[in-house]
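The values are calculated or read from the model by the stated rules, or taken from the named source; none is laboratory data. Bear in mind that the values here come from a model prediction, so they are computed numbers and not experimental data. Neighbour counts are summed over all protein chains in view; Cβ atoms, including those assigned to glycine, are modelled from backbone coordinates with ideal geometry. Just the protein is used for accessible areas: all its heavy atoms, side chains included, with ligands, DNA and RNA removed. Shrake-Rupley method; radii C 1.70, N 1.55, O 1.52, S 1.80 Å.
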Amino acid sequence: MSVWRRIGEQRAGYLFDLSDSIAVVEARHPDLLVAVSSGSMIVASDYSGQHKEATHEAYSFVVTTDGALNAWLPSLKVFRDRWLPDGRRISFKKLNEPVRWRALPSFLDLAGNLEGNLITILVDRRVGSFMLGGPSVAKEAFVDCFPANAGAGTIEKMLRLASFVSMILSGFRREDQLSFWISDHDEALDSYEKRELFGRLSTYLTFGVTGWRCPANHIFGTTETPDAPYWSEDLAAVADLAAGAYCQMSPHLPAFLGDVGEKTWQVRMASTDVESLRARTIGDWLAKGGGALRHLLLRLELDINLEVRASAQAFRARQSGT
């Protein structure tokens, strides 16, 4: 039985294409994803590639359950007591700091023991707006979802993030399942007003792709929200590491393989292809797999005809002799 529920509404655009790609790759790899439909759903996210030099943006989501999280937290405490007793956070950008770098292998081992899914979406910076007509049309279509003074960049970021959250919820969550989402403190969510408006936008988009009439609550905040749980930064750090590494690995990962209609592939690259030691270390961990945390990479890329195509890839270690 498949874990992922594909979006059936073709008018969902990129979300329909991405969701369909996940369904295709899961059909070929039945153990690709783990079910997170029991208890409450817990989602933590972080992002990378927002600077001008980046070729891709990355949106990364850890999707687990309250039961799996509670089973994982004692190990998190052991890790923190040994490696980061001063409370500092693991961060991709700060891995050049010796204490964090020494703690990284143990943190990755810890993350791999969390039962759940790590979903990362890489978006080519050349991909246009997620709303036909661009941010100005989005602001007119969702008049009660954006701050009055929001610029085009903020509107697009809110639109993309809300779209991906809606896809994650529609693909993994039951309609009657309570869910909690912790995001990194990002420009799209850096004020109470933005968070309230974003929640409305996410609700509209989720209804659009699911048709849910009486869904359970979806509660969200950021890692800097005053009542954020103590584990929120560590869970979001798993997403942060994946987002940062995938952004730096993007030039070396295949965008397309096989026929035009092909939506899946297998990664064929050596870790030495990646210059960044941080990305290489995290990429090696992703490729090993085999743990309780499952990994899936999605991409929105331009093909040779400059058409946007969605793909999903299973990131798995190459077996010796193959």
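So which residues in segment 200-249 are closer than 30 Å to residue 8 by Cβ and of a type in the set (S, T, N, Q)?
The initial filter retains those residues of segment 200-249 that are closer than 30 Å to residue 8 by Cβ, namely 200-220, 239, 242-243, 246.
Of everything in segment 200-249, those that are closer than 30 Å to residue 8 by Cβ and of a type in the set (S, T, N, Q) turn out to be 202, 203, 206, 210, 217.
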Exercise for the section: Quick one: in segment 130-155, of everything that is open to solvent by less than 40 Å² (accessible area, probe 1.4 Å) and among the aliphatic types (A, V, I, L, M), which residue is modelled with the lowest pLDDT? Expected result: 150
Fill in the blank from the handout: Within segment 113-126, restricting to residues that are surrounded by fewer than 19 Cβ atoms within 10 Å (Cβ to Cβ) and at pLDDT 95 or above, the one that is nearest to residue 307 (Cα to Cα) is 115
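Identify, please: which residue in segment 78-89 is charged (D, E, K, R) and surrounded by 13 or more Cβ atoms within 10 Å (Cβ to Cβ) and is, among those, nearest to residue 223 (Cα to Cα)? If you could, list the steps in order and put the result at the bottom.
Pass one, segment 78-89, residues charged (D, E, K, R): 80-82, 86, 88-89.
Of the ones still in play, those that are also surrounded by 13 or more Cβ atoms within 10 Å (Cβ to Cβ) are 80, 88-89.
Working: 80: 18, 88: 14, 89: 11 Å.
Here the answer is 89.
Would you point out the residue of segment 234-253, among those that are outside any helix (DSSP H, G or I) and not hydroxyl-bearing (Ser, Thr, Tyr), that is least open to solvent (accessible area, probe 1.4 Å)? I'd like the intermediate steps shown before the answer.
Restricting attention to segment 234-253, the residues satisfying the condition of being outside any helix (DSSP H, G or I) are 250-253.
From what is left, the residues that are not hydroxyl-bearing (Ser, Thr, Tyr) are 251-253.
Values: 251: 96, 252: 74, 253: 10 Å².
It comes out as 253.
Between 108, 73, which is in contact (Cβ under 8 Å) with a residue 40 or more places away in the chain and more than 18 Å from residue 278 (Cα to Cα)?
Working: 108 fails: more than 18 Å from residue 278 (Cα to Cα).
Result of the check over 108, 73: 73.
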Fill in the blank from the handout: With criteria (1) hydrophobic (A, V, I, L, M, F, W, C); (2) modelled with pLDDT under 90; (3) open to solvent by less than 20 Å² (accessible area, probe 1.4 Å), residue 260 comes up short on (3)
Completion exercise
In the set 180, 207, the lone residue that is open to solvent by 40 Å² or more (accessible area, probe 1.4 Å) and in contact with an Asp or Glu (Cβ under 9 Å, 6 or more places away or on another chain) is 180
Problem - Failed item, numbered, when residue 188 is tested on (1) more than 19 Å from residue 49 (Cβ to Cβ); (2) in a helix (DSSP H, G or I) - result: (1)
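Just checking, how many residues over segment 47-72 are open to solvent by 10 Å² or more (accessible area, probe 1.4 Å) and either touching a Pro at 6+ places or on another chain (Cβ under 9 Å) or under 19 Å from residue 240 (Cβ atoms) (or both)? Break it down into steps so the answer makes sense when it comes.
At the first step, the residues of segment 47-72 found to be open to solvent by 10 Å² or more (accessible area, probe 1.4 Å) are 47-48, 50-57, 65-68, 70-71.
Filter again for either touching a Pro at 6+ places or on another chain (Cβ under 9 Å) or under 19 Å from residue 240 (Cβ atoms) (or both), leaving 47-48, 50-51, 53-57.
Selection size over segment 47-72: 9.
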Exercise for the section: Determine if segment 22-37 includes at least one residue that is loosely packed, with under 15 Cβ neighbours inside 10 Å, within 24 Å of residue 114 (Cα to Cα), in contact (Cβ under 8 Å) with a residue 24 or more places away in the chain and aliphatic (A, V, I, L, M). Expected result: yes
Practice task
For residue 166, indicate whether it is modelled with pLDDT of 95 or more and on the phi < 0 side of the Ramachandran plot.
Solution key: yes
